[in-house]
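Below: the structure, in structure tokens.
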């Protein structure tokens, strides 16, 4: 089709007096004008099509490059995941496993077997991996599982991470499970614990050897004097009994301080438990020439351990006797301080008051520290053990002292 833009409009002046010709000329002129506009629009459209074709080609080229880059990155990520030293499982919302790397197969002993759901993997591996999907949200902490692999125990640490929140719907939820072999770490922990126990046992043996050496020599001397007979045999027997009980207290202190056990607590009459404990330590007071007194309310009920409380009495009273001169006194008393408004604030209060040397102000905050000894002649564990036992009874211990006047210890334990 030839363009019509070269045509000129019809000269209507030559057709004057002929109406039909005039109308036909107008029609042809309008047709030529419309054709010219249509030709211009078509040229513009061709330019737009050409521009869009170039733009589409550029975008197709960029898309192909992007797809190629994505494939390259995807392949690189697959290689990275496949070579990771930890197991990786990608689990869909329907519990199907969309990906598991070689280390994950090794840790779970799956081999080349095709298993595409987490429940079956959990059953085969013997650990509840499927339980991670039933939790409300992804937890930050890891869980450890022990399983048998090749006749040996293997510890696995499993950490989960939810990729999408619940707002996306269950069909879009994905969970990544990260598995790590922590067997060597567990073995190292066990070795450290074994070494710690061996070190603690060595410390116990060393402390006991140091603390028992001198008392044993004295006990051997008393035993020899008793064997020789004589009028003072009864006195030597009293000294022997006191030495044995003091020695037993030293051994119990060392074992209590280095032990990891927790005393079993039962309801007991504190007054009766204290009375028997005071009588147990009385030979030591008699040997030192110190008067020992005991008073208590008729019935003081607490939740406690009588053996542990006896150790508290032995430690504090022996400490008081050691720092009280001959002719002095040690007084042990027990009462209940009751709160009329709240029975939970009822406390049994044990007081240990002596007329000894007192404690220097600079030492008050040090006396409960393990190893601290004012005289330097003891292990420094007695009061530390007392504080530990009182704390195990959910109580507290405090001290008031004045140099050359005396010292009073207050032990407060919740009363029933």
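Please treat every number below as a calculation from the coordinates, not as lab data. Just so you know, these numbers come straight off a predicted model, no measurement behind them. We place every Cβ from the backbone using ideal geometry, glycine too, and count neighbours over all the protein chains shown.
Contact order, relative form, for the chain: 9 percent (alpha carbon pairs under 8 Å, 6 or more residues apart, mean separation divided by residue count). Dividing the summed -39500 (n - 2.57) terms of all DSSP H runs of n ≥ 4 by the residue count of the chain sets its mean residue ellipticity at 222 nm at -17000 deg cm²/dmol. Against the main long axis of the alpha-carbon atoms of the chain, helix 306-322 sits at an angle near 60°. The angle separating the long axis of helix 270-288 from the principal Cα axis of greatest extent in the chain is about 50 degrees. Here the alpha carbons of the range 192-414 define both size measures, Rg and Dmax, at 18.3, 65 Å. Extension gain, residue 148 to residue 33, is 32.1 nm, computed as 0.36 nm per intervening residue step minus the present C-alpha separation. Taking the number of Cβ atoms within 10 Å of each Cβ as an exposure proxy, the fewest-first ranking of 49, 330, 390, 302 is 49, 390, 302, 330. The order of 120, 83, going from fewest to most other C-beta atoms within 10 Å of their C-beta, is 83, 120. Please report the relative contact order for the range 192-414, taking Cα pairs under 8 Å with a sequence separation of at least 6, and give it as a percent rounded to a whole number. After rounding, I find 18 percent. Relative to the longest principal axis of the Cα atoms of the chain, helix 382-392 runs at roughly 50 degrees. Sorting 148, 295, 378 by the number of Cβ atoms found within 10 Å of their own Cβ, with the fewest placed first, yields 148, 295, 378. Convex hull volume per residue, computed on the Cα atoms of the chain, equals 373 Å³.
Taking only Cα atoms and a 10 Å spring cutoff, compute GNM fluctuations for the chain and point out the largest among 270, 314, 163. For the chain, modelled as a Gaussian network with Cα springs under 10 Å, the answer is 163. Among 160, 228, 26, the largest mean-square fluctuation in a Gaussian network model of the chain, built with springs joining Cα atoms closer than 10 Å, belongs to 26.
Modelled this way, with points 7 Å down the Cα-to-C-beta line, the labels at residue 178 and residue 109 are 2.6 nm from one another. Result for the chain in a Gaussian network model with C-alpha springs under 10 Å: among 279, 113, 366, the largest mean-square fluctuation is at 113. Taking max minus min of the alpha-carbon positions on each principal axis, the range 12-77 gives extents of 89, 13, 6 Å, largest first.
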